[in-house]
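The values are calculated or read from the model by the stated rules, or taken from the named source; none is laboratory data. What you see is a predicted model; the values in this text were computed from it and never measured. Don't worry about glycine lacking a Cβ; one is built from the backbone with ideal geometry, like all the others, and counts go over all protein chains shown. Heads up: the accessible areas ignore ligands, DNA and RNA and are worked out on the full protein's heavy atoms, side chains in. Shrake-Rupley method; radii C 1.70, N 1.55, O 1.52, S 1.80 Å.
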Amino acid sequence: MLDAIDRKLIAATQAGLPLVAEPYRALADQLNLDEAGVINRLTRLLEEGAIRRIGAIPNHYALGTTANGMSVWDIADEAVADIGARVGALDFVTHCYERPRHLPLWPYNLFAMVHGRTRDEVRAKVAEIAVLVGPAARAHEVLFSTRILKKTGLRIAA
Amino acid sequence: MRSLDPTEKAIINGLQGGFPLTQRPYRDAGAKLGLSEGEMIEEIGNLIAGGQLSRFGPLWNAEALGGAVCLAAIAVPPERFEEVAGLVNAHPEIAHNYERDHELNMWFVVSAEDPARIAQVIAEIERETGLRVRAMPKTREFFVGFRVEV
């Protein structure tokens, strides 16, 4: 679990790291910690998964990867762990989750998000997934987003 | 959209994770890309100012921070789409909401620090809209090596 100092660190870095030669020292000074303490905490939070990664967070839309396809797959329950791990390992899959079905409207239990510059590029990538998955997929579809109705970032209070 | 130069591409493609946890991380990361510490700081600042990067730093995992997140979808009759979007978006717990081309045509993410709020928000939306909300919480997450190639 997070302690009060972790939460201060989250609040201080939600908008990014300071763009100075010693960013962890700058954070430490701001939070009344020492530099080694900041580095050790960030290392631990990365190992624990509270931080997914540290680096450049691209803006898909500004970079032209505007097509966003949610590929959804109906995979036998006993096979989904293995198939999901293989689909998630593809370098163009940005999120990969198992989720519950809602029969009969929604038979799909594996979701793999694929981004690309165009819908055709996304469809070609989904076709690659279909080859990888093979007959384990009983059905699949790609749902493209046609409009962003709301988008706000993560908000964590200190 | 302006095109990216090779240095900018190298930063975006090479630094979507693994930024060093060292005293001089821009210097250490730049060494792998053939850039000086000062060039790294300047280039990253320019990519943020230009909007190509949303930011540079840690990507926090909302759920690991103690909150809860749930994907949900509604099959909205087309003639009610704008009205329902307004009702859904009015909830501060809705972080993202997308229109998608399917009978289930509205897909949104409910997030709350208190996991019990998720079911409450879904129930409120069902009551306000009179439509059934299908909750699709993730039951398993598969590892992805997230990358956008430019």
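Relative to the Cα centre, what is the charge dipole magnitude of the range B:11-91, using +1 at the beta carbon of each Lys and Arg, -1 at the beta carbon of each Asp and Glu, and rounding to the nearest 20 debye? Please report the intermediate quantities before stating the final value.
On the way: 5 positive and 9 negative charges, 55 e Å.
Dipole magnitude for the range B:11-91 comes out near 260 debye.
Kindly report the accessible area of the range A:1-105 per residue (heavy atoms of protein chains, probe 1.4 Å, no ligands, DNA or RNA), in Å². Can you show the working numbers first?
Numbers: 4420 Å² over 105 residues.
On a per-residue basis, 42 Å².
Pulled fully out, how much extra length does the chain show between A:D77 and A:K151, if you take 0.36 nm times their separation in residues and subtract their Cα-Cα distance?
Working: separation 74, 0.36 × 74 = 26.64 nm, distance 3.23 nm.
Between A:D77 and A:K151, full extension yields an extra 23.4 nm.
Give me the percent of accessible area attributable to carbon and sulfur for the range A:28-119, probe 1.4 angstrom.
On the way: 1870 of 3630 Å².
Answer for the range A:28-119: carbon and sulfur cover 52 percent of the accessible area.
Which part of the range B:45-77 falls in the paramagnetic zone of B:L87, meaning amide N under 15 Å from the point 7 Å along Cα-to-beta-carbon?
Under cut-off, by backbone N: B:73-77.
So for the range B:6-49, averaging the separation of alpha carbon pairs under 8 Å that are six or more residues apart and normalising by length, what relative contact order in percent results?
Working: 24 pairs, mean separation 14.1, N = 44.
Averaging sequence separation for qualifying contacts and normalising by length gives 32 percent for the range B:6-49.
Round to a whole number: what % of the accessible area of the range B:68-136 belongs to carbon and sulfur, probe 1.4 Å? All intermediate terms of the calculation are to be shown ahead of the outcome.
Working: 1610 of 2950 Å².
Whole-percent figure for carbon plus sulfur exposure: 54.
Just the accessible area for B:E99, please: 1.4 Å probe, Å², rounded to the nearest 10?
40
Can you tell me the accessible area per residue over the range B:6-49, all protein chains present, probe 1.4 angstrom, in square angstrom? Mind dumping the intermediate values first?
On the way: 1990 Å² over 44 residues.
Heavy-atom accessible area per residue stands at 45 Å².
Checking buried surface per residue: for the range A:1-20, which residues lose a minimum of 50 Å² accessible area in the protein assembly relative to the chain alone (1.4 Å probe)?
Buried-area filter returns A:L17, A:L19.
Using the Cα centre as the reference, give the magnitude of the dipole from point charges on the C-beta atoms of the range B:6-49 (Lys, Arg: +1; Asp, Glu: -1; all else neutral), rounded to the nearest 20 debye. Could the numbers behind the result be given before it?
On the way: 4 positive and 6 negative charges, 33 e Å.
So the dipole magnitude of the range B:6-49 works out to roughly 160 debye.
I need the calculated FRET efficiency for the pair B:E63 and B:D28, taking r as the beta carbon distance and R₀ as 30 Å, to the nearest 0.05.
Working: r = 30 Å, r/R0 = 1.01.
It comes out at approximately 0.50.
With labels modelled as points extended 7 Å from the Cα through the Cβ direction, what inter-label distance (nm, one decimal) is found for A:Q14 paired with A:A136?
3.8
Taking chain B as a Gaussian network, Cα atoms linked when under 10 Å apart, which of B:D28, B:D114, B:D101 shows the biggest mean-square fluctuation?
Judging by the Gaussian network model, the answer is B:D101.
How about the range A:87-105: which of its residues lose at least 20 Å² of accessible area in the presence of all protein chains relative to their chain isolated, using a 1.4 Å probe?
A:G88, A:D91, A:T94, A:C96, A:Y97, A:E98, A:R99, A:P100, A:H102, A:L105
Tell me, what is the 1.4 Å probe accessible area of A:T94, in Å² to the nearest 10?
10
How long is the gain from A:E47 to A:H60 if the chain were fully straight, where each residue apart is worth 0.36 nm and the alpha carbon distance is subtracted?
Numbers: separation 13, 0.36 × 13 = 4.68 nm, distance 2.63 nm.
Roughly 2.0 nm would be gained on extension.
Have a look at A:A139, A:A21, A:A79 and tell me which one the Gaussian network model of chain A (Cα, springs below 10 Å) gives the largest fluctuation.
Highest fluctuation among the options: A:A21.
Contour minus end-to-end for A:R123 and A:H95, with contour as 0.36 nm per residue of separation and end-to-end as the Cα-Cα distance?
So the chain would gain 8.4 nm between A:R123 and A:H95.
Using the Karplus curve 6.51 cos²θ - 1.76 cosθ + 1.60 with θ = phi - 60°, what ³J(HN,Hα) values do you get for each residue of the range A:22-38, in whole Hz, with x for Gly and Pro?
Couplings: 10, x, 6, 5, 4, 5, 4, 5, 5, 9, 6, 10, 9, 4, 5, x, 5 Hz.
Of the cross-linked pairs A:K8/B:K9; A:K125/B:K138; A:K125/A:K150; A:K151/B:K32; A:K150/B:K32; A:K8/A:K125, which ones have a Cα-Cα span greater than 30 Å in the structure shown? Could the numbers behind the result be given before it?
On the way: A:K8/B:K9 32 Å; A:K125/B:K138 23 Å; A:K125/A:K150 27 Å; A:K151/B:K32 35 Å; A:K150/B:K32 38 Å; A:K8/A:K125 40 Å.
In this structure, A:K8/B:K9; A:K151/B:K32; A:K150/B:K32; A:K8/A:K125 exceed 30 Å between Cα atoms.
Run the dipole for the range A:5-158 about the Cα centre, Lys and Arg Cβ at +1, Asp and Glu Cβ at -1, nothing else charged, and hand back the magnitude in debye, nearest 20. Write down the numbers at each step before the final one.
Numbers: 19 positive and 17 negative charges, 127 e Å.
Value, rounded to 20: 600 debye.
Using a probe radius of 1.4 Å on protein heavy atoms only, what is the accessible area buried between chains B and A, both sides summed, to the nearest 100 Å²?
Details: alone 10370 and 10620 Å², together 13940 Å².
Result for this pair: about 7000 Å² buried.
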